[in-house]
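The structure appears below as structure tokens.
Computed from the coordinates by the stated procedures, all read-outs in this text should not be read as laboratory data. This is a predicted model, so every value here is computed, not measured. For neighbour counting, all protein chains shown are included, and Cβ atoms are generated from backbone atoms with ideal geometry for every residue, glycine included.
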Amino acid sequence: MRISLIAFDSLGVRSSASYIEIGALRIFIDPSAALAPLRYGLPPHPRELEELRKKLKEIEQLLEKTNVIINTHYHYDHHDPGLRLPPDIYKDKTVLVKDPNRYINFSQRKRAYRYLNLLKNHAREIMIADSMEFRFGDTVIRFSEPIPHGHNDKLGYVIQVLINDGEKSLLYTSDVEGPCLESQIEAILRWRPNIIILDGPSTYLAGYKYPQECVAKSIENIRKIVALNPEFIVIDHHLVRDSNYPSIIKEVSFKNIGTAALYMGRQENLLEANRKKLYEEEPVDGSSKQLQDSMNGYLDE
């Protein structure tokens, strides 16, 4: 099993696009990326847009080689309904998706139907993945039951993914934002994966949209995962929108944990977390509205 972390928040964009190669099998989990509409009251800096375009190009190139696409939910940084990627990129793919009718909020249901209508014209087959298991040769792909996106279900639900090639297993938590809830670690503790791609707590929203007590609970739950002694825990996405994220990792006290950038041996590029600094160091000509208009189709809304 070869794991390539293509686009993540530690690599400059909102995403956790993960590409898995097992022999001739190519699996792409949540192949999309986006930008935060506003941080510090500022729209995305041109440097962010430049990085997003690079990442989307890389995602598009890898999708051409992909056999199986997995979409764990319907936020724009995890699926693309033809906004940023050409629709025919899904041609002849097997697509495993979150159920668009059960455990889903109104916003994601609308997005799901738009996406699925696109897929019907291009994909080879579309299958509902919630709580299901699929086999591709010797590789097993297993899905959890739907769990909340974050500390409650306001943002909807996601499904977790386990990929097992018979020698190694990878678990992708999707957007648990923590994990703050017991339901979000149940599958991890039961499946005991070798490698975990974990969405960390939304500390950048702590005390505002993310309860402070969930930060402490997330650290407690990550320690339970650490007790499994996995080969590596990739912790990224919501967590690294906070430039002070290393303090959370330090509290976990596990040597084999780090961002997607660290796992891939690349330099961190925390563009969103440093947006205010970007504007100070590289001022942008023109109004915020003009800049915002140039971002149409690229925002995580």
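Checked against (1) touching a helix residue (DSSP H, G or I) at 6+ places or on another chain (Cβ under 6 Å); (2) without any contact (Cβ under 8 Å) to a residue 24 or more places away in the chain, V240 passes all but condition (2). The residues of region 135-146 that are in contact (Cβ under 8 Å) with a residue 40 or more places away in the chain and assigned to a strand (DSSP E or B), listed by number, are F136, T139, I141, R142, F143.
The C-beta contact set for region 62-78 (first residue over 8 Å from D30 (Cα atoms) and free of Cβ contacts under 8 Å to residues at least 40 places away in the same chain, second residue among the charged types (D, E, K, R) and surrounded by fewer than 24 Cβ atoms within 10 Å (Cβ to Cβ), distance under 6 angstrom, 6+ apart or interchain) comprises K65/R26.
Scanning region 156-179 for residues that are outside any strand (DSSP E or B) and free of Cβ contacts under 8 Å to residues at least 60 places away in the same chain, which turns out farthest from D242 (Cα to Cα)?
Narrowing region 156-179 to residues outside any strand (DSSP E or B): 156, 159-160, 165-168, 173-179.
Of the ones still in play, those that are also free of Cβ contacts under 8 Å to residues at least 60 places away in the same chain are 166, 173, 176, 178-179.
Values: G166: 37, T173: 19, V176: 16, G178: 13, P179: 16 Å.
Ranking the qualifying residues of region 156-179, first place goes to G166.
Across region 52-92, the number of residues qualifying as in contact with a helix residue (DSSP H, G or I) (Cβ under 8 Å, 6 or more places away or on another chain), assigned to a helix (DSSP H, G or I) and crowded, with 17+ Cβ neighbours inside 10 Å comes to 4.
Residues of region 154-169 being out of contact with any Phe, Trp or Tyr (no Cβ under 8 Å at 6 or more places or on another chain) and surrounded by fewer than 24 Cβ atoms within 10 Å (Cβ to Cβ), which ones? Those that are out of contact with any Phe, Trp or Tyr (no Cβ under 8 Å at 6 or more places or on another chain) and surrounded by fewer than 24 Cβ atoms within 10 Å (Cβ to Cβ): K154, L155, N164, D165, G166, E167, K168. Based on this model, can you work out whether I20 counts as closer than 30 Å to N101 by Cβ, touching a strand residue (DSSP E or B) at 6+ places or on another chain (Cβ under 8 Å) and surrounded by 18 or more Cβ atoms within 10 Å (Cβ to Cβ)? When the stated conditions are applied, I20 passes them. Count of region 182-232 residues, restricted to those that are over 18 Å from R142 (Cβ atoms), in contact (Cβ under 8 Å) with a residue 24 or more places away in the chain and in a loop (DSSP other than H, G, I, E, B), is 5. Selection of region 251-268 for residues being in contact with a strand residue (DSSP E or B) (Cβ under 8 Å, 6 or more places away or on another chain) and not in a helix (DSSP H, G or I) yields F254, N256, I257, G258, T259, M264.
For region 213-226, which residues satisfy the criterion of being of a type in the set (G, A, S) and either under 18 Å from I197 (Cβ atoms) or within 20 Å of the chain's Cα centre (by Cα) (or both)? S218, the sole residue that qualifies.
Considering only residues that are assigned to a strand (DSSP E or B) and either surrounded by fewer than 24 Cβ atoms within 10 Å (Cβ to Cβ) or touching a Gly at 6+ places or on another chain (Cβ under 7 Å) (or both), which ones fall in region 29-45? Break it down into steps so the answer makes sense when it comes.
So the first thing to find is which residues in region 29-45 are assigned to a strand (DSSP E or B), and the list is 29, 34-35, 39, 42.
Those that are assigned to a strand (DSSP E or B) and either surrounded by fewer than 24 Cβ atoms within 10 Å (Cβ to Cβ) or touching a Gly at 6+ places or on another chain (Cβ under 7 Å) (or both): R39, L42.
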